[in-house]
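The values are calculated or read from the model by the stated rules, or taken from the named source; none is laboratory data. Since we're looking at a predicted model, the values are computed, not measured. When we count neighbours, we look across all protein chains shown, and the Cβ atoms used for this are built from the backbone with ideal geometry, even at glycine.
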Amino acid sequence: MKKTEKIEKSLQEDEVEYFYSLLAEEVTGYDCGTLCSKDNGGEPFCCKVENAIPILYINEYKLVRSRTDLWSKWSPKTKEDKTFKKENEGLDTIFCECKGVQFCERNNRSISCRTFPLEPYIDKRGVIVGLV
């Protein structure tokens, strides 16, 4: 049950805003959520915490909470989920959930939502060097 090593410099809110601006560009010519939603009751797999739990940087969470009530901290319901949270939530990250796809605010999606199923690779300086 080791906490994820804390990076030397956590992402600041202005850096989160910068990454949001980079990720505002469409990666593909289609909405990938429409591809998988037909196999998940009309909802994209990435938009249900039963399938994927978004993890936000603490300062990212503070930023989106200052702009909207779309996001809240994820509350695990089962013993397994509580263990998962304890073992995987980092010192500068937090598991969150949104209100759901029907309430999606595209400008307030998290970095993890904007890049799913990939995730940003951030070096110890706090610089995003790519997606993995």
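Has region 71-83 got at least one residue that is of a type outside the set (Lys, Arg) and under 22 Å from GLU17 (Cβ atoms)? Write out each step before concluding.
Filtering region 71-83 down to residues of a type outside the set (Lys, Arg) leaves 71-72, 74-76, 78, 80-81, 83.
Keeping just the survivors that are under 22 Å from GLU17 (Cβ atoms) gives 71-72.
Yes, region 71-83 contains at least one residue that is of a type outside the set (Lys, Arg) and under 22 Å from GLU17 (Cβ atoms).
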Could you tell me whether LYS124 is among the basic types (Lys, Arg), without any contact (Cβ under 8 Å) to a residue 12 or more places away in the chain and surrounded by fewer than 17 Cβ atoms within 10 Å (Cβ to Cβ)? no
Within region 69-85, how many residues turn out to be closer than 20 Å to VAL101 by Cβ, surrounded by 14 or more Cβ atoms within 10 Å (Cβ to Cβ) and out of contact with any Leu (no Cβ under 9 Å at 6 or more places or on another chain)? 2
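I'm checking my understanding of the structure. Among residues of region 22-33 that are exposed (fewer than 10 other Cβ atoms within 10 Å of the Cβ) and of a type outside the set (Phe, Trp, Tyr), which one is nearest to VAL127 (Cα to Cα)?
From region 22-33, those exposed (fewer than 10 other Cβ atoms within 10 Å of the Cβ) are 25-26, 28-30; that's our starting set.
Still in the running and of a type outside the set (Phe, Trp, Tyr): 25-26, 28-29.
Details: GLU25: 19, GLU26: 21, THR28: 24, GLY29: 27 Å.
That would be GLU25.
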Kindly establish whether PHE19 is under 22 Å from PRO120 (Cα atoms), within 14 Å of the chain's Cα centre (by Cα) and in a helix (DSSP H, G or I). yes
Looking only at region 98-115, decide whether some residue is surrounded by 16 or more Cβ atoms within 10 Å (Cβ to Cβ), at pLDDT 90 or above and within 15 Å of GLU50 (Cβ to Cβ). yes
